[in-house]
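Engineer: Pasting a structure below so you can have a look.
The values are calculated or read from the model by the stated rules, or taken from the named source; none is laboratory data. All values derive from a computational prediction rather than experimental measurement. Using ideal geometry, Cβ is built from the backbone for each residue, glycine included, and neighbour counts are taken over all protein chains shown.
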Amino acid sequence: MPTTHSTGPAQPKTEAVRALMARLKDPALLADLLFLERWEAEPAHGAGSVMRVAQIRRALPDLAAAVRAEIAHAR
């Protein structure tokens, strides 16, 4: 049976999320920020994912815009 190796916690891909995460300690909020990044890079069209990202965007519109801009620039 193959073994799986943990790579540790997910790391942010954008500077916008990286900067905010450095100031936060709430694990649920950190998970939301990483989810937003993943979704902006590769949207999932399930109802739950769309609702979750919509909530995050409403709560943090400037961050969401910064993440979208960074991801678009990287492409």
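Engineer: Looking at Glu15, Glu37, Glu42, can you tell me which residue is surrounded by fewer than 10 Cβ atoms within 10 Å (Cβ to Cβ), of a type outside the set (Gly, Ala, Ser) and either modelled with pLDDT of 95 or more or under 18 Å from Ala72 (Cβ atoms) (or both)?
Structural biologist: Numbers: Glu15 fails: surrounded by fewer than 10 Cβ atoms within 10 Å (Cβ to Cβ); Glu37 fails: surrounded by fewer than 10 Cβ atoms within 10 Å (Cβ to Cβ).
Answer to the selection: Glu42.
Engineer: Could you list, in sequence order, all residues of region 40-67 that are in a helix (DSSP H, G or I) and under 15 Å from Leu20 (Cβ atoms)? If you could, list the steps in order and put the result at the bottom.
Structural biologist: Within region 40-67, the subset in a helix (DSSP H, G or I) is 40-41, 47-59, 61-67.
Those that are in a helix (DSSP H, G or I) and under 15 Å from Leu20 (Cβ atoms): Glu40, Ile56, Arg57, Ala59, Pro61, Asp62, Leu63, Ala64, Ala65, Ala66, Val67.
Engineer: Which of the numbered conditions does Arg58 fail, given that it passes all the others? Conditions: (1) surrounded by 10 or more Cβ atoms within 10 Å (Cβ to Cβ); (2) out of contact with any helix residue (DSSP H, G or I) (no Cβ under 8 Å at 6 or more places or on another chain); (3) at pLDDT 95 or above.
Structural biologist: Of (1) surrounded by 10 or more Cβ atoms within 10 Å (Cβ to Cβ); (2) out of contact with any helix residue (DSSP H, G or I) (no Cβ under 8 Å at 6 or more places or on another chain); (3) at pLDDT 95 or above, only one is false for Arg58: (1).
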